[in-house]
Amino acid sequence: QLQLVESGGGLVQPGGSLRLSCVTSGFTLDFAAMGWFRQAPGKEREGISCMFREHGSTYYSDSVKGRFTISRDAKNTVYLQMNMLKPEDTAVYYCVADSRYYRDCTRGADFASWGQGTQVTVSS
């Protein structure tokens, strides 16, 4: 059974940085799309960054563009480098993956595999 396991969350001051990691285990697929969603208390789930194999592109939501960077290594570990963090970045962050092409990073339903989530809190 495929598993996605996130790590790297925690408490950080505004302006600080964190690096999230997502390790895949179990049945290993060559994912067509991998990325990150987040959900803050009382808010809807938000797709913030994805990588797409079919055209080698990346997606960033307007809320994180210029501050967050997604990357991936040969073992399908996905990273999210988060810089210049703001209090509004406080949320549970989820790693997502799917083997199908043409996924929409704004639609959680487009991703079959989800991690358990890791909490990121930005506060002074």
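For every residue, the table says whether it meets (1) aliphatic (A, V, I, L, M); (2) touching a residue at least 60 places away in the same chain (Cβ under 8 Å).
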position	(1), (2)
57	no, no
65	no, no
68	no, no
72	no, no
111	no, yes
115	no, yes
120	yes, yes
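Filtered by the rule that a residue be of a type outside the set (Lys, Arg) and surrounded by 13 or more Cβ atoms within 10 Å (Cβ to Cβ), segment 72-87 gives 76, 77, 78, 79, 80, 81, 82, 83, 84, 85. Scanning segment 88-124 for residues that are open to solvent by less than 20 Å² (accessible area, probe 1.4 Å) and either part of a loop (DSSP other than H, G, I, E, B) or aromatic (Phe, Trp, Tyr) (or both) yields a total of 5. The residues of segment 52-71 that are open to solvent by 50 Å² or more (accessible area, probe 1.4 Å), farther than 13 Å from residue 33 by Cα and of a type outside the set (Ser, Thr, Tyr), listed by number, are 62, 65, 66. Scanning segment 26-33 finds one or more residues that are within 18 Å of residue 102 (Cα to Cα), out of contact with any helix residue (DSSP H, G or I) (no Cβ under 8 Å at 6 or more places or on another chain) and open to solvent by 70 Å² or more (accessible area, probe 1.4 Å). Scanning segment 34-62 for residues that are in contact with a strand residue (DSSP E or B) (Cβ under 7 Å, 6 or more places away or on another chain), of a type outside the set (D, E, K, R) and not in a strand (DSSP E or B) returns 40, 61. Looking across segment 63-75, the residues that are more than 22 Å from residue 90 (Cα to Cα) and not in a strand (DSSP E or B) come down to 73, 74, 75.
The values are calculated or read from the model by the stated rules, or taken from the named source; none is laboratory data. None of the values given here were measured: they were computed from a predicted structure. When we count neighbours, we look across all protein chains shown, and the Cβ atoms used for this are built from the backbone with ideal geometry, even at glycine. For accessibility, only protein heavy atoms count, side chains too; no ligands or nucleic acids. Shrake-Rupley method; radii C 1.70, N 1.55, O 1.52, S 1.80 Å.
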